[in-house]
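*Asks:* First, the structure itself, so that you have it in front of you.
The values are calculated or read from the model by the stated rules, or taken from the named source; none is laboratory data. On a predicted model such as this, the values are computed, not experimentally measured, just so you know. Glycine also receives a Cβ, built like all others from the backbone with ideal geometry; neighbour counts cover every protein chain displayed.
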Amino acid sequence: MNILLLSAEVTPFAKAGGLGDVAASLPKAWEELGHTPIVIVPKYGHIDTRKYEIVQTEVIFSVPMGTWQEYGRLWRGVLPDSTVPVYFIQNQDYFDREGIYGNPDGFADNDRRFLFLTRAAFEAARALQFKPDIIHAHDNHTAFAMAFLKSQYRNDPSFHEAAGVFTIHNMAYQGLYEPKRAMELTGFGMKSFYSGSWFEQHGIVNSMKTGIMFADKITTVSPTYSQEIRWAKYGEGLQNNLNERGGDLIGVLNGVDYTEWDSEKDTMLYNPYSKDTLSLKESNKQKFLRDCGLSENEALQNIPLVGMVTRLTDQKGIELLEQTIENFLSYGVMRFCIIGSGERKYEDFLRYIARKFPRRALIQIGYNTEQSHKIIAASDFLLVPSRFEPCGLTQMYALKYGTIPIVRATGGLADTIEEFNPTSMTGTGFLFSAYQRKDFAAAIRRALSVYSVQPYWNIIRANAMECDFSALRSGKTYIDVFNWARNSIR
Ligand code: ADP
Ligand code: GLC
């Protein structure tokens, strides 16, 4: 099957969160399964073309934007550990600047940037003579691909056999655009924009709704989230549309690229380790603490290190952390380390924690892939207390590193982590349901009590490290979804 994957992020070239990881791991899995994927992403200014051997091609194409034409050029690279081609769309005005989205507020021209990307993907595929069987678009940024496929490109010989699959990674970001400008840019015009049209929600253009309504099939990144978003609490205003398309909506759990996230092969660690050499995990912890200047205090040697790797947003439950972590640190029952960036108020809170607990808390504000690997390996526990979590990847990475997740039972966290049961000796982590301080604190206390009982502690870590959430499994399920989508258009 020829699969065109279109995304605003792809790891390792350009990544803001889990979307980039999934946009890289799926095509690698499809290639392994004998299919022919290509990936299309923007050529952002910060992408290191030398390091990744990304080269300029001769392919230049025009892109209809409203009543005029703009231009794009293709650069070409390959996903690491594969031969999957990645085509980078160059347009200096749109992509040659710092960052991907311009967070926290977003670049003012994100409508133009991402509509250009989406339309350019069709023109690029045609220029490459790549005839997709599936166009697989991810999240609001590229959602309009589902509409273009069914209108402007419906009778185009390059695309008339292609089915459209739209994957929702996060309902909280919907790509809301001012109607007059966006409808003109897309070529649909204001005649297609009216109350209740597939482009419209509360008087503005809603890219997420457009993707949901025009796609042949819709997936989201875990089975639990695929149910949650049908309700007002998680549907972010689009629950009725999701229910309307309910028969075409399915949850496919994300998978892990174990060529990147495997404690045995991870070259970013001080000492790679397996479940049979867990003493080396301890040495990762000690070396990490030492390098961060936290080793001298002998009295704290035997207490667990609790880690987090996260965007600092409301989604990630930082509010619960604010209400909880100080107590645990004051009692001296844990050390805490985190790498994160995002909202200013959360960054300020973490700076306060760093000042108050200089020997117990290690706070890194920023984004750094190597540090994220080091923290996941060095920590004994990983906190993911999310308010909502479509899937979540860090808890799955943690399992492979024998780092025990403490998570809220929502979305993909509920689908991947099982509460440890000391009687049956089953389970891989600790969960809490209500989004409340006392429930989160109780889960942490249960976790700390297991840490101090040697047989339990060894067993839960072995259980965790035996889990297999490989992207090959999710890749296979997507192929089933793609066949389902293709059969529905025949
Ligand atoms: P989300 O996509 O909602 O941010 P996920 O758990 O799906 O959550 O994916 C987050 C990805 O981003 C993981 O690969 C994680 O390691 C990475 N990540 C998040 N914050 C940081 C950071 N500050 N530094 C490095 N990597 C980070
Ligand atoms: C989103 C979600 C996260 C998910 C990721 C990859 O960013 O917030 O839960 O794991 O996409 O699908």
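*Asks:* Of the residues that sit in segment 442-490 and are closer than 30 Å to ASP133 by Cα and of a type in the set (A, V, I, L, M), which one is nearest to the chain's Cα centre (by Cα)?
*Replies:* Pass one, segment 442-490, residues closer than 30 Å to ASP133 by Cα: 468-490.
From the residues that got through so far, the ones that are of a type in the set (A, V, I, L, M) too are 471-472, 479, 481, 485, 489.
Values: ALA471: 13, LEU472: 17, ILE479: 20, VAL481: 20, ALA485: 23, ILE489: 29 Å.
Top of the filtered list is ALA471.
*Asks:* A follow-up question, please. Which of (1) in contact (Cβ under 8 Å) with a residue 12 or more places away in the chain; (2) over 21 Å from the mean Cα position of the chain (by Cα) is the odd one out, the single condition GLY317 does not satisfy?
*Replies:* It fails just one condition, (2).
*Asks:* Being crowded, with 23+ Cβ neighbours inside 10 Å and either farther than 20 Å from ARG335 by Cβ or at pLDDT below 95 (or both) narrows it down to one of GLU466, GLU389, so name that one. First the steps, then the outcome.
*Replies:* Working: GLU466 fails: crowded, with 23+ Cβ neighbours inside 10 Å.
The match here is GLU389.
*Asks:* Return yes when GLU236 is within 16 Å of ligand 2 (Cβ to nearest atom), among the acidic types (Asp, Glu) and buried (at least 20 other Cβ atoms within 10 Å of the Cβ) and no when it is not. Explain how you work it out, then say what you get.
*Replies:* Working: within 16 Å of ligand 2 (Cβ to nearest atom): yes; among the acidic types (Asp, Glu): yes; buried (at least 20 other Cβ atoms within 10 Å of the Cβ): no.
For GLU236, the condition - within 16 Å of ligand 2 (Cβ to nearest atom), among the acidic types (Asp, Glu) and buried (at least 20 other Cβ atoms within 10 Å of the Cβ) - is not met.
*Asks:* Moving to a separate point now. Based on what the data block shows, is ASP21 modelled with pLDDT of 95 or more and within 16 Å of ligand 1 (Cβ to nearest atom)? Lay out the reasoning, then the answer.
*Replies:* On the way: modelled with pLDDT of 95 or more: yes; within 16 Å of ligand 1 (Cβ to nearest atom): yes.
For ASP21, the condition - modelled with pLDDT of 95 or more and within 16 Å of ligand 1 (Cβ to nearest atom) - is met.
*Asks:* Taking the conditions exactly as written (more than 16 Å from ligand 1 (Cβ to nearest atom), within 30 Å of ASN483 (Cβ to Cβ) and among the basic types (Lys, Arg)), does ARG97 satisfy them or not?
*Replies:* On the way: more than 16 Å from ligand 1 (Cβ to nearest atom): yes; within 30 Å of ASN483 (Cβ to Cβ): no; among the basic types (Lys, Arg): yes.
For ARG97, the condition - more than 16 Å from ligand 1 (Cβ to nearest atom), within 30 Å of ASN483 (Cβ to Cβ) and among the basic types (Lys, Arg) - is not met.
*Asks:* I want to confirm something. Restricting to segment 395-426 and keeping residues that are within 19 Å of THR267 (Cβ to Cβ) and assigned to a helix (DSSP H, G or I), which single residue is farthest from ligand 2 (Cβ to nearest atom)? Working first, answer last.
*Replies:* So in segment 395-426, the residues within 19 Å of THR267 (Cβ to Cβ) come out as 397-398, 400-403.
Checking which are assigned to a helix (DSSP H, G or I) leaves us with 397-398, 400.
Values: TYR397: 11, ALA398: 13, LYS400: 15 Å.
Across segment 395-426, the extreme among qualifying residues is LYS400.
*Asks:* Restricting to segment 246-263, what's the tally of residues that are crowded, with 16+ Cβ neighbours inside 10 Å and more than 16 Å from ligand 1 (Cβ to nearest atom)? Walk me through it before giving the result.
*Replies:* Let us first name the residues in segment 246-263 that are crowded, with 16+ Cβ neighbours inside 10 Å, namely 248-258, 260-261, 263.
With the extra rule that they be more than 16 Å from ligand 1 (Cβ to nearest atom), the set shrinks to 248-250.
Qualifying residue count for the region: 3.
*Asks:* Quick check: anything in segment 380-400 outside the structural domain of ALA23 (by TED's automatic domain parsing), away from ligand 1 (no atom under 16 Å from the Cβ) and among the polar types (S, T, N, Q)?
*Replies:* no
*Asks:* Based on what the data block shows, is GLU32 in contact (Cβ under 8 Å) with a residue 60 or more places away in the chain and under 17 Å from ILE54 (Cβ atoms)? Write out each step before concluding.
*Replies:* Numbers: in contact (Cβ under 8 Å) with a residue 60 or more places away in the chain: yes; under 17 Å from ILE54 (Cβ atoms): no.
No; evaluated as a whole, the condition is false for this residue.
*Asks:* Now a separate question. Are any residues in segment 401-422 of a type in the set (Gly, Ala, Ser) and either over 12 Å from GLU466 (Cα atoms) or within 10 Å of ligand 1 (Cβ to nearest atom) (or both), and if so, which ones?
*Replies:* Here is the first cut: in segment 401-422, the ones of a type in the set (Gly, Ala, Ser) are 402, 409, 411-412, 414.
Matches in segment 401-422: ALA409, GLY411, GLY412, ALA414.
*Asks:* Give the residue, chosen from ALA447, ALA434, that is farther than 21 Å from THR220 by Cα and either in contact with a Phe, Trp or Tyr (Cβ under 6 Å, 6 or more places away or on another chain) or charged (D, E, K, R) (or both). Before you say what the answer is, go through the steps one by one.
*Replies:* Details: ALA434 fails: either in contact with a Phe, Trp or Tyr (Cβ under 6 Å, 6 or more places away or on another chain) or charged (D, E, K, R) (or both).
From the options ALA447, ALA434, the qualifying one is ALA447.
*Asks:* Just checking, how many residues over segment 433-456 are surrounded by fewer than 17 Cβ atoms within 10 Å (Cβ to Cβ) and either under 19 Å from TYR397 (Cα atoms) or of a type in the set (Ser, Thr, Tyr) (or both)?
*Replies:* 5
*Asks:* Scanning for something at pLDDT 95 or above and either among the aromatic types (Phe, Trp, Tyr) or closer than 18 Å to PHE336 by Cβ (or both), does segment 411-418 turn up at least one residue?
*Replies:* Within segment 411-418, the first condition is being at pLDDT 95 or above, and the residues that meet it are 411-418.
With the extra rule that they be either among the aromatic types (Phe, Trp, Tyr) or closer than 18 Å to PHE336 by Cβ (or both), the set shrinks to none.
The answer is no; no qualifying residue exists.
*Asks:* Turning to a different aspect of this structure: So, of the residues in segment 164-181 that are in contact with a strand residue (DSSP E or B) (Cβ under 6 Å, 6 or more places away or on another chain) and over 18 Å from GLY237 (Cβ atoms), which turns out to be farthest from ligand 2 (Cβ to nearest atom)?
*Replies:* Per the stated criteria, the residue is GLY164.
*Asks:* Hey, among the residues in segment 362-381 that are crowded, with 24+ Cβ neighbours inside 10 Å and assigned to a helix (DSSP H, G or I), which one's nearest to ligand 2 (Cβ to nearest atom)?
*Replies:* Only one residue tops the list, namely ILE376.
*Asks:* Looking only at strands (runs of 3 or more DSSP E) that fall completely inside segment 1-88, which ones have 3 or more residues that are surrounded by fewer than 17 Cβ atoms within 10 Å (Cβ to Cβ)?
*Replies:* Strands (runs of 3 or more DSSP E) meeting the threshold: 55-65, 68-78.
*Asks:* Right, next: What do you reckon, is ALA127 under 24 Å from PRO179 (Cβ atoms) and among the hydrophobic types (A, V, I, L, M, F, W, C)? Write out each step before concluding.
*Replies:* Working: under 24 Å from PRO179 (Cβ atoms): no; among the hydrophobic types (A, V, I, L, M, F, W, C): yes.
No: the conditions fail for ALA127.
*Asks:* Check off (1) in the same structural domain as LYS400 (by TED's automatic domain parsing); (2) of a type in the set (Asp, Glu); (3) within 16 Å of ligand 2 (Cβ to nearest atom) for GLU319 and give me the number that stays unchecked.
*Replies:* With (1) in the same structural domain as LYS400 (by TED's automatic domain parsing); (2) of a type in the set (Asp, Glu); (3) within 16 Å of ligand 2 (Cβ to nearest atom) applied to GLU319, the lone miss is (3).
*Asks:* Could you list, in sequence order, all residues of segment 409-422 that are closer than 16 Å to ASN170 by Cβ and in contact with a strand residue (DSSP E or B) (Cβ under 6 Å, 6 or more places away or on another chain)?
*Replies:* Within segment 409-422, just LEU413 meets the criteria.
*Asks:* Taking the condition of being over 27 Å from the mean Cα position of the chain (by Cα), under 30 Å from GLY17 (Cα atoms) and not hydrophobic (A, V, I, L, M, F, W, C), how many residues in segment 127-149 meet it?
*Replies:* Result for segment 127-149: 1.
*Asks:* Considering each residue of segment 58-77, count those that are under 15 Å from LEU128 (Cβ atoms) and more than 29 Å from the chain's Cα centre (by Cα), and give that number. Write out each step before concluding.
*Replies:* Taking segment 58-77 as the starting set, the residues that turn out to be under 15 Å from LEU128 (Cβ atoms) are 58-63, 72-77.
Imposing the further condition that a residue be more than 29 Å from the chain's Cα centre (by Cα) reduces the set to 58-62.
Matching residues across segment 58-77 total 5.
*Asks:* Let me ask something additional. Suppose we filter PHE193, PHE159, PHE199 for residues that are in the same structural domain as TYR234 (by TED's automatic domain parsing), without any contact (Cβ under 8 Å) to a residue 40 or more places away in the chain and under 18 Å from ASP216 (Cα atoms); which single one remains?
*Replies:* On the way: PHE193 fails: under 18 Å from ASP216 (Cα atoms); PHE199 fails: without any contact (Cβ under 8 Å) to a residue 40 or more places away in the chain.
The conditions single out PHE159.
*Asks:* Now for a separate question. Only residues that are more than 10 Å from ligand 1 (Cβ to nearest atom) and closer than 19 Å to ILE406 by Cβ: list them for segment 367-379, please.
*Replies:* First pass over segment 367-379, keeping only residues more than 10 Å from ligand 1 (Cβ to nearest atom): 374, 377-379.
Within segment 367-379, ALA377, ALA378, SER379 qualify.
*Asks:* For the subset of segment 296-339 comprising residues that are outside any helix (DSSP H, G or I) and surrounded by fewer than 16 Cβ atoms within 10 Å (Cβ to Cβ), which member is modelled with the highest pLDDT? If you could, list the steps in order and put the result at the bottom.
*Replies:* Taking segment 296-339 and keeping what is outside any helix (DSSP H, G or I), we get 296-297, 301-313, 317, 332-339.
Within this subset, residues satisfying the condition of being surrounded by fewer than 16 Cβ atoms within 10 Å (Cβ to Cβ) are 296-297, 301-302, 332.
Details: GLU296: 58, ASN297: 62, GLN301: 67, ASN302: 81, GLY332: 93.
Ranking the qualifying residues of segment 296-339, first place goes to GLY332.
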